[in-house]
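Structure first, commentary second.
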Amino acid sequence: MSMTGQRNRVSNFYQIGLGKIRKNLGKTEPENMEGVTERVNRNGEKVFELVSDYIAGKIIAVEMEAPEAGKEDFGSRVNVTLENAGVKAVLSFKWDSAYGRAFVFASPNINLSKEIEFEPYQYVQKNTERTKTGLSLIQDGAQLDWAFGTKANPGGCPQLEKITFKGKDAWDNSKQLKFLEEKFNEFAAKVKTLNDLVANEANAPEQPEADDDFEDF
C-alpha cells in the first residue's frame, strides 16, 4: 500500500435548512454583502449565508454520516455529492427528517445519468396553521413521484407506531427508519456501482488499432 495518495476533496458545502439551500459563510460579515443573507441562529449568534431555492447536478456519491461522539442527539446526516459542469458540491441534510424521508421515497425513480434538482420547501398551512416541510426532487422539469411510502402505495414501509412515553402519547418511527435505511443503502450502492463504472471507462487505456498486415489462417 502506498504511503501517499490523492483525495477527491470538495470545498463547496451546502445544507438544507428552513426550507432553503444554505451555504454557511461564517460569523464574520463579508466585505461584499451582495446576495448574502444575515440570520440569527438557534444559539443567538449572527451568521451569514448564501440562500438559494434549489441546487442541481448529477449525483455522483451518497453517504450516511454518523454524528460526532457526544453529539448523538443531533442524529445522522445524508451527504449527497453533486457535479455540475465539472464543479462538485456536497449537499447535507438531516437523515431523520422530512427531507431525508422524501429523498429515500423518491430515490428509485432518480435517473442517475441526468442532473436532478433538490428543491426544499417550508410553509405554514392556512387551514391548520401547521408548518409543512419537505423536499421536491425535480428531473426533466417534473417532480419525481415517490416510489413507495404513500397511502396508495406504502411499498412495505412501516407506519409510525403510537406509544406512551412518560405518560404522554408519542409516535415511534424506529421500524420505519430501519426500513428506509435499507432502501438508502440500496440506492447508495447503485450510485457507487454506476460511478465506479464511469470512472473505469474514463481511465481505460486506448485500444490499439487493428493491424491489417496479419491474415487469419
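In the stretch 1-143, what is the count of Lys pairs whose alpha carbons are under 26 Å apart, counting only pairs at least 8 residues apart or on separate chains?
29
For the chain, what is the Kirkwood hydrodynamic radius in Å, using each pair of distinct C-alpha atoms?
This gives a value of 20.5 Å.
Can you give me the long-range amide H partners of Asn12? Hydrogens built in the peptide plane at 1.01 Å from N, cutoff under 5 Å, separation of 5 or more residues or another chain.
Residues meeting the criterion, in which the H sits 1.01 Å from N, are Val90.
Mind checking the angle between helix 174-203 and the chain's longest principal axis? C-alpha axes, 0 to 90 degrees, to the nearest 10.
The angle comes out near 30 degrees.
Solvent-accessible area per residue for the chain at a 1.4 Å probe radius, Å²?
72
Per DSSP H run of n ≥ 4, the term is -39500 (n - 2.57); total these for the chain, divide by its residue number, and report the mean residue ellipticity at 222 nm rounded to 500 deg cm²/dmol.
-6000 deg cm²/dmol
Using a Förster distance of 25 Å, how high is the FRET efficiency between Tyr54 and Gln125, based on the Cβ-Cβ distance and rounded to 0.05?
About 0.70, to the nearest 0.05.
Taking loop as defined by DSSP and a crowding limit of 10 other beta carbons within 10 Å, which GluC sites (Glu not before Pro) in the stretch 84-185 fit?
Listed in order of number, the matching sites are Glu129.
What distance in nm lies between label points placed 7 Å from Cα along the C-beta direction at Leu18 and Ala152?
3.5
Applying a 10 Å radius around every beta-carbon, put 24-36, 51-63, 93-105 in order of their mean neighbour count, most first.
Going by the mean number of other Cβ atoms within 10 Å, highest first, we get 93-105, 51-63, 24-36.
At a Förster radius of 30 Å, what calculated FRET efficiency corresponds to the Cβ-Cβ distance of Arg42 and Lys162, to the nearest 0.05?
E between Arg42 and Lys162, to the nearest 0.05, is 0.55.
For the stretch 26-168, which whole percent of the accessible surface, found with a 1.4 angstrom probe, sits on carbon and sulfur atoms?
Carbon plus sulfur share of accessible area: 46 percent.
Going highest first, how would you order 147-153, 66-72 by mean Cβ packing within 10 Å?
Descending packing order for the listed peptides: 147-153, 66-72.
The values are calculated or read from the model by the stated rules, or taken from the named source; none is laboratory data. Treat the numbers as computed from the prediction; the structure is a model and nothing was measured. For neighbour counting, all protein chains shown are included, and Cβ atoms are generated from backbone atoms with ideal geometry for every residue, glycine included. These area figures cover heavy atoms from the full protein model, side chains too; ligands, DNA and RNA do not enter into them. Shrake-Rupley method; radii C 1.70, N 1.55, O 1.52, S 1.80 Å.
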